[in-house]
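Asks: One structure coming up, written as structure tokens, with questions to follow.
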Amino acid sequence: MVSPAKKRKLNSDSKTTSTPPRNLHYFFGKQKQQPPPQPANNAPENLDPDDARMLTDEQFARKLQAEVDLEAAAERAEASRSRTPKSKDSLPSIERAAKETSTASEDSKPSGTGSNGNAAEKDVVDTKPDQTLPSFKSENHTLTLQASGSAEDTIISSIPFDESPLTFEPSKYAQDLANGVLEGHDASYALLTRCFVLLNSTRSRIRIVDTLVNLLRVIVEGDPSSLLPTVWLATNSISPPYISKELGLGGSAISKALKNAFGLDNKSLKALYDKVGDAGDVAFLAKKKQTFTLRKPKPLTIKGVYQSLVKIANTQGTGSGETKQRIVDRLLQDARGAEESRYLVRTLCQHLRIGAVKTTMLIALSRAFLLSRPPSADFNLKSPKELASLKKEELAEVWLRAEEILKECFARRPNYNDLVPVLLEIGVCDELLVRCGLALHIPLRPMLGSITRDLSEMLTKLQGRDFACEYKYDGQRAQVHCDNQGKVSIFSRNLELMTDKYPDLVALIPKIRGDGVGSFIMEGEIVAVNQETGELKTFQTLSNRARKDVAIGSVKIEVCMFAFDIMYLNGEPLLDRPLRERRELLRSLFIEVPHQFTWVKSIDAKSQDSEAVLEFFKSATDVKCEGIMVKILDNLPNMLPPDEEEASETPSKATKGKKKSSEKDPEKKTNRKALLATYEPDKRLESWLKVKKDYSTTFDTLDMIPVAGWHGQGRKSQWWSPILLAVRNEETGSLEVVCKCISGFTDAFYKANKEHYKEGGEHVLGSKPSYVEYYGPSPQVWFEPQEVWEMAFADITISPTYTAAIGLVSDEKGLSLRFPRFLKKREDKGIDEASTNEFLANLWRKQEEKASTSSVKEVQGEIVEYDENISD
Ligand code: ATP
């Protein structure tokens with residue numbers, strides 16, 4: 001399952017697929033009402049308090065509470081007076097939306113049966129609290145977090161999930177779970193919902209982690225079999241990226257379910273949707289207003305919800321639409337409270353927005369397993385009391401060690417299905433890396449390169465070290481796995497399976513395997529080439545290649561793979577070997593097939609070889625390469641080799657080669673971390689540096705998400721221009737708008753872009769998605785965030801208008817770009833691979849640093865000049 005925030009450009013050929021799933025926005029796109037324009041400098045604190053889309057869930061819930069209380073008070077007052085009809089216009093806005101909703105639904109449905117007018121009378125269950133929900137006040141529709149007030153809900157809402165894990169006592173609540181108080185022996189979905197509400201009500205990273213840790217601990221101790229589904233649901237996915245499991249639910253399925261479950265008709269659903277702008281909030285509001293259900297809800301469990309999602313994803317073929325619809329309807333009908341409904345719908349829409357991204361989940365898991373274990377396990381735990389007595393830095397060190405093990409594990413084998421069962425058995429320990437390490441046909445997360453401004457910065461950074469300079473080819477990164485039987489899998493940089501896209505490469509593998517090569521995992525760049533001459537073609541050419549089910553005979557865009565690394569050979573991981581050794585294996589054991597398989601072109605150098613490096617850089621750009629990749633070849637001689645390290649008393653294998661070596665490392669004395677020549681999955685270290693040809697003009701490029709646009713002026717009136725672009729906030733899952741862009745687009749691009757984001761089309765939304773942060777003048781069209789564009793710019797500025805990266809460099813202002821210019825579409829990146837607000841803030845910091853050093857240089861230059869003048 002892929003969330004919009006996480007939605008990737010899958011390696012599926014858009015031409016070959018049937019109509020892509022449409023989301024809820026699409027179905028309202030045509031009836032769209034433009035929100036009124038807002039002033040340009042509208043800071044968040046100046047927001048219109050009536051615009052529910054600008055509020056956090058917590059604020060929204062409070063606002064609703066206040067309004068519904070008001071409504072209830074008004075109703076009571078009205079009841080005591082004679083029956084005077086109330087003017088709709090005198091009601092608060094949300095109340096009005098809800099009133100209209102209920103009126104509209106009543107207009108359309110046969111009395112008391114919801115939109116499914118055929119429901120038998122006896123199936124209609126009054127959910128008014130005085131009947132089935134004891135804590136729900138009968139006259140007053142009190143907005144509790146969980147509207148149903150059963151015994152479990154009372155227990156759940158009293159669990160202090162956001163307390164420090166060092167004082168939180170999961171055993172108290174785990175016992176309730178184990179005793180079957182909560183939905184038999186399975187943890188109830190209400191438990192998860194309670195945590196989602198808490199997670200959504202804070203932006204504090206500490207509180208988010210604490211809440212998740214406490215939730216995981218209750219589950220580990222009380223119902224370990226629900227841990228895996230909990231982890232999947234909390235990360236808003238059901239499978240790793242390399243196993244394509246799509247819910248495939250269009251907006252119509254969700255709106256149908258909303259109508260079926262809450263007895264709404266089109267008009268009332270639209271009214272709610274226009275009001276709150278988020279399908280989850282629509283469900284929340286509709287549930288609040290629901291006074292009966294078609295049948296008594298069957299309490300949802302975490303496992304049950306997860307299994308339903310898997311079932312939806314696995315349902316294919318004829319009639320699958322109806323089957324999926326039935327499952328979705330059932331889920332929504334079984335949701336007991338408004339919050340449960342909200343988070344279910346957000347899960348189904350694949351945008352949960354609770355800030356439990358991969359890193360946060362791994363941190364939470366590592367801490368949870370230091371403090372808790374399932375009843376069946378006997379691994380060692382840390383005492384919360386002892387941890388609480390540690391100094392802050394000591395505690396951080398304990399957490400960090402566990403985190404590193406988990407992150408290292410997940411970077412090698414990014415699948416919770418593999419990780420969680422082993423964790424439940426042995427906890428966080430070195431053995432986890434062995435039990436859950438590198439494996440064939442499971443992609444590891446790639447090592448990434450750091451940015452350098454130019455060659456001289458690179459030479460300074462790598463002073464004293466031997467390094468390889470390699471051409472940085474402009475193609476698609478590929479991880480090729482081959483087992484002893486010759487079965488081949490090819491994965492993209494985003495870990496998606498793309499074996500189908502490159503049958504020509506699969507066919508080549510037997511030819512390139514030298515003597516003695518059994519299984520291997522190799523990495524390289526696939527580039528479009530002219531196979532006769534070997535001439536490199538552009539990335540654009542490669543992107544025209546079909547993406548799915550390519551038949552070998554029909555390949556039109558020929559490619560060559562330029563291998564640059566090998567991570568696994570004949571059953572043995574090579575990650576701990578220095579690059580020089582890995583490269584030697586790659587070059588000596590594989591066989592070149594001219595213009596189809598070869599090694600990246602490279603030279604070895606040291607910092608003093610600047611001329612040779614410059615020459616090499618020029619030759620790379622001459623043949624259409626993006627620049628060069630520079631990689632450290634050897635670990636420092638005094639870095640401990642892996643064997644010795646294992647024998648030494650290194651506390652965890654995770655810190656191996658890093659802590660130990662840096663202790664003896666001369667670079668440490670100068671406060672510089674030792675640069676490693678090992679392959680470090682999922683890390684962006686300075687031992688791999690990128691030097692691109694564009695860097696001389698701009699600092700770096702940003703990978704941004706187009707989110708909205710205006711009708712162009714004059715010649716461009718047929719197209720969208722300017723276009724609003726956003727970066728990602730990894731913590732909140734929101735997209736933060738950074739700038740408008742009008743340059744770098746060709747007319748052909750404009751045309752194609754207008755076609756893609758056609759008014760009323762599937763990629764255009766009815767209103768601003770609630771997870772897009774933007775407070776400037778209203779654009780004329782909102783795009784469904786789903787693609788990544790690489791953008792150049794002159795520099796980064798502090799902005800009073802845009803709130804991107806707010807709080808990172810300034811408390812009140814965000815960052816924007818001066819002279820943003822479109823470079824190209826990043827077909828190989830999904831929106832979860834787009835640049836983050838953190839990355840933007842870091843670029844700004846570097847820019848400021850550079851500005852201050854160059855002004856110091858300028859001043860020094862002036863002084864020298866001045867002195868020279870004097871001496872003259
Ligand atoms: P990143 O992959 O680092 O997040 P990105 O996707 O924006 O960033 P670039 O900044 O262009 O990519 O650079 C890294 C990419 O360069 C690699 O992911 C890989 O696809 C490509 N590449 C080309 N040649 C090489 C090489 N010799 N070594 C490593 N990567 C290379």
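The values are calculated or read from the model by the stated rules, or taken from the named source; none is laboratory data. Small disclaimer: the values here were computed from a predicted structure and weren't measured. Glycine gets a Cβ as well: all are built from the backbone with ideal geometry, and neighbour counts include every protein chain shown. Areas reflect the complete protein model, heavy atoms only, side chains present, ligands, DNA and RNA absent. Shrake-Rupley method; radii C 1.70, N 1.55, O 1.52, S 1.80 Å.
Asks: Add +1 for every Lys or Arg and -1 for every Asp or Glu among the other residues with Cβ under 12 Å from the Cβ of Ala439, and state the total.
Replies: It works out to a net charge of +1.
Asks: Here's a follow-up. What ³J(HN,Hα) values, in whole Hz, does the Karplus curve 6.51 cos²θ - 1.76 cosθ + 1.60 give for segment 399-409 when θ = phi - 60°, with x put for Gly and Pro?
Replies: Computed from phi, the couplings for segment 399-409 are 4, 4, 4, 5, 4, 4, 4, 5, 5, 5, 4 Hz.
Asks: Report, in debye and to the nearest 20, how large the dipole of segment 188-261 comes out about its Cα centre when Lys and Arg carry +1 and Asp and Glu carry -1 on their Cβ.
Replies: Result for segment 188-261 is approximately 300 debye, rounded to the nearest 20.
Asks: How large, in percent, is the carbon and sulfur part of the accessible surface of segment 702-852 at a probe radius of 1.4 Å?
Replies: 49
Asks: Further question on the same structure: Do any trypsin sites (Lys or Arg not before Pro) in segment 746-818 lie in a loop, going by DSSP, with at most 15 other beta-carbon atoms within 10 Å of their beta carbon, and if so which?
Replies: Passing sites in segment 746-818 are Lys758.
Asks: May I ask you to order 706-715, 492-501, 510-519, 341-350 by the average number of other C-beta atoms within 10 Å around their residues, highest value first?
Replies: Order by mean packing, descending: 341-350, 492-501, 706-715, 510-519.
Asks: Follow-up. Place the peptides 240-248, 465-473 in order of packing, highest mean first, counting for every residue the other Cβ atoms within 10 Å and averaging per peptide.
Replies: Going by the mean number of other Cβ atoms within 10 Å, highest first, we get 465-473, 240-248.
Asks: If you add up the charges near Phe616, with Lys and Arg at +1 and Asp and Glu at -1, over every other residue whose beta carbon is less than 12 angstrom from its beta carbon, what do you get? Display every interim value, and only then the final one.
Replies: On the way: positive: Lys472, Lys601, Lys618; negative: Glu470, Asp604, Asp609, Glu611, Glu615, Asp622.
Value of the local net charge: -3.
Asks: Determine ³J(HN,Hα), in whole Hz, for all residues of segment 732-740 in sequence, where each value follows from phi through the Karplus function 6.51 cos²θ - 1.76 cosθ + 1.60 and θ = phi - 60°; x replaces Gly and Pro.
Replies: For segment 732-740, the Karplus curve yields 9, x, 8, 10, 9, 6, 10, 6, 9 Hz.
Asks: Ok, one more. For a test of the definition: using alpha carbon positions, the gyration tensor, and the 1.5 limit on a/c, classify segment 702-852 as rounded, prolate or oblate.
Replies: Working: a/c = 1.74, a/b = 1.51, b/c = 1.15.
Taking the square roots of the gyration eigenvalues as a ≥ b ≥ c, segment 702-852 is prolate.
Asks: Next question, about the same structure. Solvent-accessible area per residue for segment 702-852 at a 1.4 Å probe radius, Å²? Could you put the intermediate results ahead of the total?
Replies: Details: 5400 Å² over 151 residues.
Heavy-atom SASA per residue in segment 702-852 reads 36 Å².
Asks: Let a ≥ b ≥ c be the square roots of the eigenvalues of the Cα gyration tensor of segment 385-484; is it rounded (a/c under 1.5), or, if not, prolate (a/b larger than b/c) or oblate?
Replies: oblate
Asks: I'd like to compare 770-778, 396-404, 195-203, 732-740: which one has the highest average count of other Cβ atoms within 10 Å, and what's the full order after that? Before the final figure, lay out each step's value.
Replies: Numbers: 770-778: 19.7, 396-404: 17.1, 195-203: 21.7, 732-740: 24.1.
Going by the mean number of other Cβ atoms within 10 Å, highest first, we get 732-740, 195-203, 770-778, 396-404.
Asks: Let me ask something additional. Which shape class, rounded, prolate or oblate, goes with segment 489-538 when its Cα gyration tensor gives a ≥ b ≥ c as root eigenvalues, a/c under 1.5 marks rounded, and past that a/b bigger than b/c marks prolate?
Replies: On the way: a/c = 2.04, a/b = 1.20, b/c = 1.70.
Judged from the Cα gyration tensor, segment 489-538 comes out oblate (a/c at least 1.5, b/c at or above a/b).
Asks: What is the Cα centroid distance between segment 478-509 and segment 187-264, reported in whole angstrom?
Replies: Cα centroid of segment 478-509 versus Cα centroid of segment 187-264: 33 Å apart.
Asks: Can you give me the long-range amide H partners of Trp599? Hydrogens built in the peptide plane at 1.01 Å from N, cutoff under 5 Å, separation of 5 or more residues or another chain.
Replies: Result for Trp599 returns Ala563.
Asks: Identify, among Gly761, His711, Pro779, the residue whose Cα sits farthest towards the positive end of the charge dipole of segment 702-852, taking +1 on the Cβ of Lys and Arg and -1 on the Cβ of Asp and Glu, with the dipole about the Cα centre.
Replies: His711
Asks: Sequence-distant or interchain residues sharing an amide H contact under 5 Å with Gly761, placed H: which?
Replies: none
Asks: Mind listing the long-range amide H neighbours of Val738? Cut-off is under 5 Å, sequence gap 5 or more, other chains count too, H placed in the peptide plane at 1.01 Å from N.
Replies: Leu725, Ala726, Val727
Asks: Which ³J(HN,Hα) values, rounded to whole Hz and listed in residue order, are derived for segment 788-793 from phi using the Karplus coefficients 6.51, -1.76 and 1.60 in 6.51 cos²θ - 1.76 cosθ + 1.60 with θ = phi - 60°, glycine and proline given as x?
Replies: Calculated HN-Hα couplings, in order: 10, 10, 8, 10, 9, 6 Hz.
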